[in-house]
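The values are calculated or read from the model by the stated rules, or taken from the named source; none is laboratory data. Predicted, not measured: the structure shown is a model, and the values here were computed from it. Here the Cβ positions follow ideal geometry from the backbone for every residue, glycine too, while neighbour counts run over all protein chains shown. These accessible areas exclude ligands, DNA and RNA; they are computed on the full protein's heavy atoms, side chains included. Shrake-Rupley method; radii C 1.70, N 1.55, O 1.52, S 1.80 Å.
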Amino acid sequence: MKFDTVIVGGGLTGLVSGIRLMQKGQKCAIISSGQSALHFFSGSFDLLNNLPDGTPVNNPEASLLELSKQAPNHPYTKMGESKFKELAQEAKNFLNEIGIKIQGSSTKNHYRITPMGMIKPTWLTMPNFAFFEDGKFPIKKAAIINVEGFLDFNPDFISEAFEKIGVETTINYFNLPELNTIRKNPSEFRSTNLSFVFDKEDNQDLLAKILTEKSQGCDAIIFPDCIGFRNSDVLPKLIQKVGKPIYLIPTFPPSLVGVSTQLYLKDYFTKLGGIFMLGDSVTHANIEGNQVTELYTLNHGNIPISAKNVILSSGSFFSQGLLADSKQVYEPVFDLDTDYLQDRADWYNRNLFEKQNYQQFGVKTDKNFHGIKNDMPIDNLYVAGAILSGFNPLKEGCGAGVSFLSALYVAEQILIKEKTYEPIAQ
């Protein structure tokens, strides 16, 4: 099997780079084991919330100079300030052009509410999710409504968050007889399965009647993200029937918006002609000189997969793009050089809520994000996303931004290399 580009990893980074390359005429395949951090997606993309020293960031674009001083190996620093600004705008345009509506700016963070009831800055947010700017939410009183027994959404946490920004709240619960079937099995009582019930046409009028009754005297409804999984028209119709805004809050994983976003991107990629090898894993690769020549996967055995270029976007420890034993942190497919602290005692902080050094371990790259092996860059192997070293996605609030911008960056590098690059019209 021969491709222009093979992408190892089917999360946000792999799908975005794959779609961009397919849009430019490349023949691409994505090899995905099925693990994806997108299943934790909140409905918002964070670009840069804090500098490494903890200084809060309001304007990500204006903070790049200071970031480059504090973190010279940060992926954004490698891209450079002007390219960062260009790709941040391109990322927003990319989502809107493929049909994922989004709002926000790289020059001013707005704020979202997490499933734990925390208020966090963010970059881009999908419509219908609760977000606000400058400390003001556009309602005075909200009805927080949850399903009886649904534990992936905690109204008390959410109420505390809204009270902090001056919104009075009430908390109500409801049930539908049809939910009793899936309630018997707690592992099945999740947002995606709830959505299958709420999205049924037969249940729409009853759900609208319940929400109307439970939100009497309130300006808006706060509801867990468990509606509209396969049909995006369900929520707008429900809002019309209820006659007041319904704002969604993400639930604990698996996130419905995360699962649906991954499926949407995967479908978009395959409709462009891309090959998505779900449930497969790259076991090893042949490297000759400074070129990856062949990949071998679990499902294809000794049948090699070859490509002009390879993107490694297999994620960090969560998705096993990085592995660790008692002595080292390593990348298991290409055995690339990795950045990590030699003394294992320095990997962790016993205070769970403090900065954890292991979170910024990752694969070494050059300025063009070529993977490095034995101190030498591999000419046709690019690295992008959470597997990169030099940044802390949790403390800096930049995980989605690094994934997105590095995906577009390496796609651009490949197109320049293959001399098929055309600047994206702004």
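Across bins of 10 angstrom width beginning at 0, how are the C-alpha pair distances of the stretch 109-241 distributed, in whole percent?
All Cα pairs considered, the percentages come to 11, 42, 37, 10, 0.
How many Å³ per residue does the convex hull of the Cα positions in the stretch 1-149 occupy? Don't skip to the end; give the middle numbers.
Working: hull volume 24.9 nm³, N = 149.
Spelled out: Cα convex hull of the stretch 1-149, divided by residues, is 167 Å³.
At a Cα cut-off below 23 Å, give the lysines reachable from Lys214, other chains included and same-chain residues fewer than 8 away excluded.
Excluding near neighbours in sequence, the set is Lys140, Lys141, Lys164, Lys200, Lys237, Lys241, Lys244.
What's the angle, to the nearest 10 degrees (0 to 90), between helix 201-214's Cα axis and the longest principal axis of the chain?
Helix 201-214 and the main axis of the chain meet at about 60 degrees.
Any idea how far apart Asp343 and Tyr330 come out in nm if each label point goes 7 Å out from Cα toward Cβ?
With each label point 7 Å from Cα toward Cβ, the separation is 2.4 nm.
How large is the Rg to Rh ratio of the stretch 277-426 when both quantities use alpha carbon positions and Rh follows Kirkwood?
The Rg/Rh ratio comes out at 0.99.
Using a 1.4 Å probe on the protein heavy atoms, what percent of the accessible area of the chain belongs to carbon and sulfur?
The C+S portion of the solvent-accessible surface of the chain is 50 percent.
Please compute the per residue accessible area over the chain with all protein chains in place, 1.4 Å probe, rounded to a whole number of Å².
44 Å²
Only bridges whose two residues both fall in the chain count here: according to DSSP, what percent of them are antiparallel, nearest 5?
45 percent
Lysine pairs in the stretch 54-130 8 or more apart or on different chains: how many have alpha carbons under 16 angstrom apart?
6
Taking the Cα-to-Cβ direction at Lys27 and at Glu294 and moving 7 Å from each Cα, how far apart do the two end points lie in nm?
1.9 nm
To the nearest 10 degrees, how steep is helix 81-97 against the longest Cα principal axis of the chain, on a 0 to 90 scale?
Computed tilt is about 50 degrees.
Go through Glu97, Glu61 and list them by solvent-accessible area, largest first, probe radius 1.4 Å. Don't skip to the answer; put the middle values down first.
On the way: Glu97 120, Glu61 35 Å².
Highest to lowest solvent-accessible surface, that is Glu97, Glu61.
Pop a pseudo-label 7 angstrom from the Cα along the beta-carbon direction at both Lys141 and Asn357 and give the gap in nm to one decimal.
Result for the modelled spin labels: 5.4 nm.
Counting only the heavy atoms of the protein chains, how much of Tyr173 is accessible to a 1.4 Å probe, in Å² to the nearest 10?
Probe radius 1.4 Å; accessible area of Tyr173 about 100 Å².
Output wanted: per-residue J couplings in Hz (rounded whole) for the stretch 272-289, from phi through Karplus 6.51 cos²θ - 1.76 cosθ + 1.60, θ = phi - 60°, x for Gly and Pro.
Values per residue, Gly and Pro as x: 6, x, x, 9, 10, 9, 7, x, 10, 9, 6, 8, 6, 9, 9, 10, 10, x Hz.
How large is the Kirkwood hydrodynamic radius of the stretch 47-98, in angstrom, based on all distinct alpha carbon pairs?
11.6 Å
Given the Cα atoms of the stretch 77-177, and with Rh set as the inverse mean 1/r over their pairs in the Kirkwood sense, what is Rg to Rh to two decimals?
For the stretch 77-177, the value is 1.08.
For the chain, compute Rg over Rh where Rg is the Cα radius of gyration and Rh is the Kirkwood radius from the inverse mean 1/r over Cα pairs.
Details: Rg = 22.4 Å, Rh = 22.7 Å.
That ratio is 0.99, to two decimals.
What is the angle, in °, between the Cα long axis of helix 256-271 and the longest principal axis of the Cα atoms in the chain? Nearest 10 is fine, range 0 to 90.
Compared with the principal axis, the helix lies near 50 degrees.
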